[in-house]
Amino acid sequence: MHEMTGLLEAYGLAFVFVNVFLVQAGAPVPAVPALMVAGALSKGGAISMPAIIAVAVIASLLADSLWYELGRRYGTRVLRLLCRMSIAPDTCARQTEDRFLRWGAPSLVFAKFIPGFALVAPPLAGALRVGFASFLFYSAISAALWALLAVGAGMLFARQVDWALATLEQMGMDSLLVLAVGLTLFIAYKLWARNRLIRHLRMTRISAAELNRMTEQGLAPVVVDVRSKGARAFDPRRIPGALLADIESMDQVLAQLPRNRDIILYCT
């Protein structure tokens, strides 16, 4: 934190720009603490608050526009890459798709405030062919609100920010060690839970070749497509004869399934 204050005092708006751009580009660095410290410094006149907001919005839009273009060009491949980087990749794509399909382009206004949605929303907008002007409009509102909230909090609680910085400086490496241990334990738990689920699923998995053999042998398994609407929009291909079962129609589809045939589900 002390180093962050020094960087802000030395490089000012340039540091804010680089910090926000890296965060929105997906780098694992914090942005809100830097904006809060910048806000605290602006209260003393060291940096202009409107300039901080403007620079943060420009940096955010540049990074978001890069992801938008990647999503427009490469579609689901970009989303799969981002979700593999997520701590909870199994729910990353589905939750993002559901939010975007429910609210449309205006959901970008809230993207910066929803964990996991901020990074995935821009390429998702590109993959769904949202107009670039609409994308920029809603993304700019989101970035401005996000930056204003962080900088405003820094200004409002300038004394508390100074106290926190002084306390962390006194604690030195101990504070970083506590944060690092807590983060490591959280990530380790999520990975353990995910691997346990994968091991369970592997015992009940069937390959595409095995499904084809069953069909050719006349075993006539029932195939159910449980992908989300967003996933089907990205990739409209489907297994011939598969029943569609999204979250809204799941109960009706389950009630129609025969009890004397193998049932095979496939998802994203």
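Extending 7 Å from the Cα toward the beta-carbon at both Glu210 and Arg237 defines two label points whose distance is 2.1 nm.
Converting phi to 3J(HN,Hα) with the Karplus coefficients 6.51, -1.76 and 1.60 and the offset θ = phi - 60°, segment 140-151 yields 5, 4, 4, 5, 5, 5, 4, 5, 4, 5, 5, 5 Hz in sequence order, with x at every glycine or proline. Among 130-138, 13-21, the peptide with the highest mean count of other Cβ atoms within 10 Å heads the list, and the full ranking is 13-21, 130-138.
3J(HN,Hα) couplings calculated from phi for segment 19-25 with the Karplus curve 6.51 cos²θ - 1.76 cosθ + 1.60 (θ = phi - 60°) are, in sequence order, 4, 5, 4, 4, 5, 5, 7 Hz; Gly and Pro show x. For Asp262, the amide hydrogen comes within under 5 Å of the amide hydrogens of Val222, counting only partners 5 or more places away or on other chains and with H modelled in the peptide plane.
Shown in residue order for segment 212-224 are the 3J(HN,Hα) couplings computed by the Karplus curve 6.51 cos²θ - 1.76 cosθ + 1.60 at θ = phi - 60°: 5, 5, 4, 5, 5, 7, x, 6, 6, x, 8, 9, 10 Hz (x for Gly and Pro).
Taking the Cβ of Ala245 as the centre, find all other residues whose Cβ is under 11 Å away and add up their charges (Lys, Arg: +1; Asp, Glu: -1). Kindly include the intermediate steps, with their values, before the conclusion.
On the way: positive: Arg227; negative: Asp225, Asp246, Glu248, Asp251.
Summing Lys and Arg as +1 and Asp and Glu as -1 gives -3.
Just need the relative contact order of segment 208-266 here, percent rounded to a whole number, with Cα pairs under 8 Å and 6+ apart.
46 percent
Amide H to amide H, with H built 1.01 Å from N, Thr268 comes under 5 Å of Ser228, counting only residues 5 or more places away or on other chains.
Annotation: amide H-H contacts under 5 Å for Leu243 (H modelled 1.01 Å from N, sequence separation of 5 or more, or interchain): Val223, Val224, Asp225. Shape analysis of segment 208-266 places it in the oblate category; the axes a ≥ b ≥ c from the Cα gyration tensor give an a/c of at least 1.5, with a/b not above b/c. Ranked by the mean number of other Cβ atoms within 10 Å of their residues, highest first, the peptides 101-114, 252-265 fall in the order 101-114, 252-265.
Each value in this text was obtained by applying a stated rule to the coordinates, not by laboratory testing. Nothing here was measured: the structure is a model prediction, and the numbers come from that model. Methodologically, a virtual Cβ is constructed for each residue, glycine included, from the backbone with ideal geometry; neighbour enumeration extends over all protein chains shown.
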